[in-house]
Amino acid sequence: MKKSFSFILLLALCLSNTAYAKKIADKTIIGTITAFDIGDNFYLTIVDNNGKTHNALCMADLCDKLIEATDENLGGYKGKKVKVVVGKGNQTDAAGNIMGTMDAFIKIELIK
């Protein structure tokens with residue numbers, strides 16, 4: 001029960017940060033999804049066309065599907081080419097306290 005409550009609280013906090021992150025979006029990156037990690041926040045890793053790795057908070061609609069994925073292929077999204085909009089989002093601890101801001105993927109579009 002406690003784990004379920006923590007997950008719901010974390011999800012609500014991440015979704016509430018989306019409005020903040022959208023206000024300050026500043027760049028777009030094209031790359032490939034390589035990892036998705038769940039801790040106190042949700043983090044997505046993509047590798048851009050130049051081979052540079054980008055880690056950021058995952059705050060886009062696609063993040064909900066990644067959260068639900070239970071396999072190593074992230075529900076079929078691992079290895080998919082994407083166009084992401086990078087803004088800033090609040091990084092929180094498990095209690096919901098804001099620890100700071102960091103890059104956030106606020107929009108993710110699959111590219112064929």
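Bear in mind these aren't lab numbers, they're just calculated from the coordinates by the rules spelled out. Computed from a predicted structure; not experimentally measured. When we count neighbours, we look across all protein chains shown, and the Cβ atoms used for this are built from the backbone with ideal geometry, even at glycine.
Structure data summary
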{"read-out": "Complete set of residues in segment 73-112 that are surrounded by fewer than 16 Cβ atoms within 10 Å (Cβ to Cβ) and either in contact (Cβ under 8 Å) with a residue 60 or more places away in the chain or in a strand (DSSP E or B) (or both)", "value": "LYS81, LYS83, ALA94, GLY96, ILE98, MET99, GLY100, MET102, GLU109, LEU110, ILE111"}
{"read-out": "Subset tally (residues that are within 14 Å of ASP40 (Cβ to Cβ) and charged (D, E, K, R)) for segment 65-107", "value": "1"}
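A quick yes/no check of all residues on (1) closer than 19 Å to ILE111 by Cα; (2) surrounded by 21 or more Cβ atoms within 10 Å (Cβ to Cβ); (3) touching a residue at least 12 places away in the same chain (Cβ under 8 Å):
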site: THR34; (1), (2), (3): yes, no, yes
site: ASP37; (1), (2), (3): no, no, no
site: ASN50; (1), (2), (3): yes, no, no
site: CYS58; (1), (2), (3): yes, yes, yes
site: CYS63; (1), (2), (3): yes, yes, yes
site: GLU68; (1), (2), (3): no, no, no
site: ASP71; (1), (2), (3): no, no, no
